[in-house]
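Working notes for the structure below.
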Amino acid sequence: MNKPQGNMYAYIDGTYNPIKGKCHYECQYCFMIAMRLRFGQDPTLRLDEKELKASLGSGNFIFVGSSTDEFAENVPSEWIIKVLDHLNEYPNNTYQLQSKNPARFLEFLTHPLFCDKDRVIFCTTLESDIDRPEISKAPTMGARVAAMQGLSKNGFQTMVTVEPMMAFSSPQNFAEMIAACNPMQVNIGMNTSRGVKLPEPSQAEYEALILELRKQNINIHLKKNIDRMVK
């Protein structure tokens, strides 16, 4: 487990990345693209077996898979099971599992880790209510929402991250899409990639989205980089 660095969630105690390498979705804004170029990191998708011996401690809130999407469709199921087995060895932690392919979560719900539904929070990213395949190869927003609805109906805690927030069709439509996931919390942040310019909402549109989310009684967590939206 590593201490959170950079533009990370303020509420987590650490990150855990046993599966490493280039993400299948190649989102243009991903901070890991710059990290690999800067430090010459190996882009090969792989399971780091050494990480399966790492102590995850007790009483921690751990973000699992912060450097690549560990539930992308090209990740072997046996790797995922090994990671879930290791998490299950540390039952006193809470784990945030995040993926832009949340339908893959549904494949593993019979794993012992998920017997106690309070131990895991399933999270997905919704950057907008508009699909932009020229920016990301991830599943559509609608597919992500449908999967999150399935998880919620099975009694699991869900969370949505809107980062990087991109221009949306309307505050009302986007808020309704987020609310459909029945999230316990929505995290909102902006693009931090200096080399990529994304379509972004205006300050007025952002403020209207916040208002709509509050109407839905959704807990909102604003990341530090949202400050540049509030001028």
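The values are calculated or read from the model by the stated rules, or taken from the named source; none is laboratory data. Bear in mind that the values here come from a model prediction, so they are computed numbers and not experimental data. Neighbour counts run over all protein chains shown; Cβ positions are idealised from the backbone, glycine included. All accessible areas refer to the heavy atoms of the entire protein, side chains included, with ligands and DNA or RNA removed. Shrake-Rupley method; radii C 1.70, N 1.55, O 1.52, S 1.80 Å.
Residue-by-condition table, conditions (1) touching a residue at least 24 places away in the same chain (Cβ under 8 Å); (2) in contact with a Ser or Thr (Cβ under 8 Å, 6 or more places away or on another chain); (3) hydroxyl-bearing (Ser, Thr, Tyr); (4) farther than 30 Å from residue 170 by Cα:
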position	(1), (2), (3), (4)
55	yes, no, yes, yes
92	yes, yes, no, yes
95	yes, no, yes, yes
110	no, no, yes, yes
113	yes, no, no, yes
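Out of all the residues in the range 144-166, is one or more of a type in the set (Lys, Arg), at pLDDT 95 or above and under 22 Å from residue 219 (Cα atoms)? Walk me through how you get there before you give the answer.
Of the residues in the range 144-166, the ones of a type in the set (Lys, Arg) are 144, 153.
Next cut, at pLDDT 95 or above only: 144, 153.
Pick out the ones that are also under 22 Å from residue 219 (Cα atoms) and you get 144, 153.
Scanning the range 144-166, I find at least one residue that is of a type in the set (Lys, Arg), at pLDDT 95 or above and under 22 Å from residue 219 (Cα atoms), so the answer is yes.
Identify all residues within the range 67-118 that are part of a loop (DSSP other than H, G, I, E, B) and among the charged types (D, E, K, R); write none if there are none.
69, 70, 73, 89, 100, 116, 117, 118
Consider the range 39-72. How many of its residues are touching a helix residue (DSSP H, G or I) at 6+ places or on another chain (Cβ under 7 Å) and open to solvent by 30 Å² or more (accessible area, probe 1.4 Å)?
3
Sort out for me the strands (runs of 3 or more DSSP E) sitting completely within the range 119-231 that have 1 or more residues that are open to solvent by 40 Å² or more (accessible area, probe 1.4 Å).
Of the strands (runs of 3 or more DSSP E) lying wholly inside the range 119-231, those with at least 1 residues that are open to solvent by 40 Å² or more (accessible area, probe 1.4 Å) span 157-162, 220-222.
Would you please list the contacts, defined by Cβ atoms under 6 Å and residues six or more apart or on different chains, that run from a residue in the range 130-154 that is without any contact (Cβ under 8 Å) to a residue 12 or more places away in the chain to a residue that is open to solvent by less than 50 Å² (accessible area, probe 1.4 Å)?
Short answer, once both residue conditions are applied: 131/141.
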